[in-house]
1. Pairs under 7 Å by beta carbon, first residue away from the ligand (no atom under 16 Å from the Cβ) in the stretch 105-133, partner not in a strand (DSSP E or B), six or more apart or different chains?
2. Within the bounds of the stretch 58-67, is there any residue that is among the hydrophobic types (A, V, I, L, M, F, W, C), in contact with a helix residue (DSSP H, G or I) (Cβ under 8 Å, 6 or more places away or on another chain) and outside any loop (DSSP other than H, G, I, E, B)?
3. Taking the stretch 80-90 only, how many residues are away from the ligand (no atom under 16 Å from the Cβ) and over 16 Å from N121 (Cα atoms)?
4. Given the structure, is T106 hydroxyl-bearing (S, T, Y), within 15 Å of the chain's Cα centre (by Cα) and at pLDDT 95 or above?
5. Residues to consider are N98, N93; find the one that is surrounded by fewer than 13 Cβ atoms within 10 Å (Cβ to Cβ), in contact (Cβ under 8 Å) with a residue 24 or more places away in the chain and either within 14 Å of the ligand (Cβ to nearest atom) or not small (G, A, S) (or both).
6. Can you tell me which residue is modelled with the lowest pLDDT among those in the stretch 120-129 that are of a type in the set (S, T, N, Q) and surrounded by fewer than 21 Cβ atoms within 10 Å (Cβ to Cβ)?
7. Filter the stretch 134-158 for residues that are outside any strand (DSSP E or B), more than 16 Å from the ligand (Cβ to nearest atom) and β-branched (V, I, T) and give the result.
8. Any residue in the stretch 111-119 that is of a type in the set (A, V, I, L, M, F, W, C), farther than 26 Å from C195 by Cβ and surrounded by 13 or more Cβ atoms within 10 Å (Cβ to Cβ)?
Amino acid sequence: MFSFRFFSLLICSALLSLVSAQNWYTVEWDAPTFTAMSGDMIVPKLPQPGGTPYVWPGVQSGNGVLQAVLDGRSGTWWIGDGFFGTPSLPWGNGFNVNPGDTVHFTFSLSGTTWTCTLSSNGKSASTSLNITGNTMNRAIFAAELYDVPFNFGPIVYRNVKITASTPASQWCGGIAHLGSYPFTVSGNTASGNTCNIASITQNNA
Ligand SMILES: *[C@@H]1O[C@H](CO)[C@@H](O)[C@H](O)[C@H]1NC(C)=O
């Protein structure tokens, strides 16, 4: 359902780049194994109609990506949790949100089960996913856009916490990204195995 970056880049370079405009704008951290992530997403403006905009925080392995996807295909924003990859699992729960809303999201791992929660303005959703065979080694904040220009930003996250199985001092300061666009990450500090990030701002390309 939702594109997974490894697949997308392959498909894109093979053929889709000829017929559809697909663009990625990300901020990313890498660690051997992520075990939890949480934060507040400020819902951006609605993109122009007609394309397929996905905006999400998530954690990715070599086999798939666990995401809280803000989906704007229908002309309104809907946010829901799910895993795209192998194993193939049904998409999880969510609700509609409006620009300016704050959505608190959490992902946490116990055994092979990821518990995902979303809450905003009295609405809440929870999804439990048994994701075997996936070591999540990348934490991603993405705008994944098909035939939609990135002119509906900024996309803002606050109070982000990313936890790995290894000390955050080893990876909290290493920030990667996809796409040519202005973004800022402020107040990223390591505390034990958790990287606390005061804010991430992804501005229009
Ligand atoms: C998760 O799935 C695996 C593989 O199907 C299964 O062996 C295991 O019991 C499941 N765990 C839970 C908590 O359901």
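The values are calculated or read from the model by the stated rules, or taken from the named source; none is laboratory data. Remember, it's a predicted structure, so these values are computed and weren't measured experimentally. Here the Cβ is made from the backbone with ideal geometry for all residues, glycine too, and neighbour counts use every protein chain on show.
1. Close Cβ pairs (under 7 Å, with a partner that is not in a strand (DSSP E or B)) amount to S120/D101; N121/D101; A125/N93.
2. Within the stretch 58-67 (the criterion being among the hydrophobic types (A, V, I, L, M, F, W, C), in contact with a helix residue (DSSP H, G or I) (Cβ under 8 Å, 6 or more places away or on another chain) and outside any loop (DSSP other than H, G, I, E, B)), the answer is yes, since at least one residue qualifies.
3. To start, the set of residues in the stretch 80-90 that are away from the ligand (no atom under 16 Å from the Cβ) comprises 80-82, 84.
In the following step, the residues that additionally are over 16 Å from N121 (Cα atoms) were identified as 81-82, 84.
The qualifying residues number 3.
4. On the way: hydroxyl-bearing (S, T, Y): yes; within 15 Å of the chain's Cα centre (by Cα): yes; at pLDDT 95 or above: yes.
Yes.
5. Result of the check over N98, N93: N98.
6. The extreme case among them is N121.
7. Once the filter is applied, which keeps residues that are outside any strand (DSSP E or B), more than 16 Å from the ligand (Cβ to nearest atom) and β-branched (V, I, T), the stretch 134-158 yields only V148.
8. Within the stretch 111-119, not a single residue is of a type in the set (A, V, I, L, M, F, W, C), farther than 26 Å from C195 by Cβ and surrounded by 13 or more Cβ atoms within 10 Å (Cβ to Cβ).
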